[in-house]
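No value in this document is a laboratory result; all are computed from the given coordinates. Just so you know, these numbers come straight off a predicted model, no measurement behind them. Don't worry about glycine lacking a Cβ; one is built from the backbone with ideal geometry, like all the others, and counts go over all protein chains shown.
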Amino acid sequence: MKNLLIKEFKLALNPGTYFYLACSAMLLIPSYPYFVAFIYTFIGFITVFILNRENKDILFTASLPIRKRDTVKARISTIAIIELMQIATAVPFAVIRGLINPEGNAGGIDANPALFGFVFVMYALFNTIYFPMFYKTAYKVAWPLIISCSAVTVYIFAVEIAVQSVPVLKTYLDTLDAGYAVTQLLVLIAGIAVFVLSAVFAFKKAAKRFEKVDL
Amino acid sequence: MEMLSVQNLSKRYEKFELKNVSFALEKGYIMGFIGRNGAGKTTTLKTMLNLVHADSGKAVVFGKEFSDNELAIKQQIGFMFGGANFYPKKKLKTVTSVVRRFYNEWDDAAYERYLKRFDLDEDKKVDELSQGMKVKYDLTLALSHNAKLLILDEPTSGLDPVSRDDLLELFQELIEDGERSILFSTQITSDLEKCADFITYIKDGKIVASTNKDDFLGSYKIVKGTVEQLTEETKHRLIGYKKNAFGFAGLIKTENLPSGGCLDVFAADIESIMIYFEKEQKD
C-alpha cells in the first residue's frame, strides 16, 4: 500500500493539484461564501482523473504485482489526503481571519468549526458518488464528475440556505462567538465521522465494481 | 519444464469470442503468437493475466494457476502491451523509482547494465524515446526484476526493419541461458521466421495451430496448377486458393496432398499460410 501511495504521488498526481491548496487563503476575504475556497480542489481532481486515463494509469498499475482492489484503495486514499490537506491549509487562514476581522461573514457561513464539518461532508459526498461510479468502467470520467460535482453544488446551496434561513441554525452555526463552539465542534466531529465512513463505503463499493471490470 | 500453459481459455463478448484457447510454452524458448488484427491476440494475453476475466479455462504459470497466485507470479514475469504509452511526460528515472519498489528481486546493477546496453538516458521523458527505445525500456524494467517469462504484446509493431532485427536478436540472446521464455504477439510474419521456436496461430478467437516452427511450416504446402486442375475435389482439399492468369495457387495441408504429383508443390512460408487461411477464397 505504501508503494502504491508513492506511485500515486510521484506519477499520478499532477503538480497543479497542490496549487489549489493556495485557495484556502480565500478565507481571508471578509465576506465570501467560504465553501468556494474548498471546491477549487475539485478542478485539481478532474485534471488528475483525466490525465491518468490518458496516461493509461490503470493498465500500468494492473501490470504491477499488486491486488486490483489496492489500486482503488490507493487512489481513494490519495484524493482523501488532498482533501485533508485542503482543509488543513484552510485552518490557519480561518484563525487569522477571526483574529483580524472578528465581524461575521456576510457572504455565507462564518469560518468556524461548523464550516469545516460541512466541508468534510461535502468531500464525503463527492467521494461516495464519484469513486463507485468511476470504477464501474475505470475509464468513463465525465458522468461521475458531472453527477458528483452537481450533488456537491446542491449540497452547498442546501447548507447555506438552511443555515441562513433557519434561526436556530443561524444562531448556533453562523457565528464566531466562542459561546457556540461546542455545538460547532460537534458538527465538525460529525463531519469527520461522515468523511471517514464515506471513504470506507466508497472503497468497498468501488473495489467490488472494479474487480469485475475487464481492462 | 513448462513455463506457461494456457488451458481452454474462453471469453465471450457481444461481437467476439475467444474459444477454448490452449497452448504451452517450455522454458528457454520463444513463442510467436500470430493472427491478424482483431483475431484475439491481446484478449488472450489479457485473459491469461487476469486483466480480462475468463468465462472458463485457466493459465498455469511456473506450474501454478495464475488466478490463485497472481502476486507471486507477477513478481517473476514482465509484460508489455503494444501501443501503451504510460506516463509520457515523466522521466524514465521517475518511472523506475516507482516500479522498482514493487519487486522483491529488483537488481539495481542489472538495471544500470541494461540502461547502458540499450543506450537509454534516464533523464529523458518517456515521450522522447523512439518506439524501439520504449520497448527496450520496458524490457529493462522486466529484466531488472529478473522476470523469467516475458509476455510482450506486439513489441515489434511500429519499428523500422533495423530496430526490429535488433530487437529480435536481443530476444534470442535473452533466452540463451535457458532460464527465460518469451511469448510475443505479432502480425509481422518475418519476425517469426527470424526468431520464434514455436508458433501459435489464432484466427477468429480460435487456435489454428500451436507447434514448433518446423512442424508448422512442414504441415502446409503451396500448390499451383492450371484452371482445369482446380476440380471440385482439389478445391475441397485446399485451405484457400487464389485464381490467376495462369491457373491457381493454393494452400493445402501436407497430409491432404493429392497423390499422382500432377500439381506443382512448394514449401509454404508463414506469410503464405496466414494469407491463405485468412482469405479462404473458396467459391
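Some observations on this one:
- Two-site label geometry, B:Asp214 and A:Ala193: point separation in nm, points 7 Å out along Cα→Cβ: 7.6
- Look at B:Val95, A:Val91, B:Val21 and count the other Cβ atoms within 10 Å of each Cβ; fewest to most, that gives A:Val91, B:Val95, B:Val21.
- If you bin all the Cα-Cα distances of chain A at 10 Å, starting from zero, the percentages per bin are 8, 34, 32, 17, 8, 1.
- Whole-Hz ³J(HN,Hα) from phi, Karplus 6.51 cos²θ - 1.76 cosθ + 1.60, for region A:42-55, glycine and proline x: 5, 5, x, 5, 4, 4, 4, 5, 6, 4, 5, 5, 5, 7
- Listed by chain and number, the lysines whose C-alpha is less than 21 Å from the C-alpha of B:Lys93, apart from same-chain residues fewer than 8 away, are A:Lys2, A:Lys7, A:Lys10, A:Lys56, B:Lys116, B:Lys124, B:Lys125, B:Lys134, B:Lys136.
- Viscosity 0.692 mPa s, temperature 37 °C, Stokes-Einstein D of region B:221-282 from Kirkwood C-alpha radius, µm²/s: 289
- Centroid-to-centroid separation of region B:49-87 and region A:11-36 [C-alpha atoms, Å]: 42
- Exposure proxy ranking, count of Cβ atoms within 10 Å, fewest first, for A:Cys149, B:Cys262: B:Cys262, A:Cys149
- Stretching the chain fully between B:Asp264 and B:Asn8 yields a gain of 88.3 nm (0.36 nm per residue, less the alpha carbon separation).
- Stokes-Einstein D (µm²/s) once Rh is taken as the Kirkwood radius of the protein assembly as shown over alpha-carbon pairs, at 37 °C in 0.692 mPa s: 124
- For region B:103-185, the gyration tensor built on C-alpha atoms gives an oblate shape. Its axis ratio a/c (a ≥ b ≥ c) is at least 1.5, and a/b is not larger than b/c.
- Cα→Cβ-extended label distance, 7 Å offset, between A:Trp143 and B:Glu179, nm: 5.0
- Between A:Ala88 and B:Lys89, the simple spin-label model (points 7 angstrom out along Cα→Cβ) gives 2.5 nm.
- Each of B:Trp106, A:Trp143 was scored by other Cβ atoms within 10 Å of its Cβ. Listed from fewest to most, they are A:Trp143, B:Trp106.
- Translational diffusion of region A:44-151 was estimated from the Stokes-Einstein equation, with Rh taken as the Kirkwood radius over Cα pairs; at 4 °C and 1.567 mPa s the coefficient is 81 µm²/s.
- Theoretical gain in end-to-end length, A:Ala22 to A:Val166 [0.36 nm per residue, Cα-Cα removed]: 48.6 nm
- Rounded to whole numbers, the Karplus 3J(HN,Hα) couplings from phi for region A:32-41 are 6, x, 5, 4, 4, 4, 9, 9, 4, 4 Hz, using 6.51 cos²θ - 1.76 cosθ + 1.60 with θ = phi - 60°, and x at Gly and Pro.
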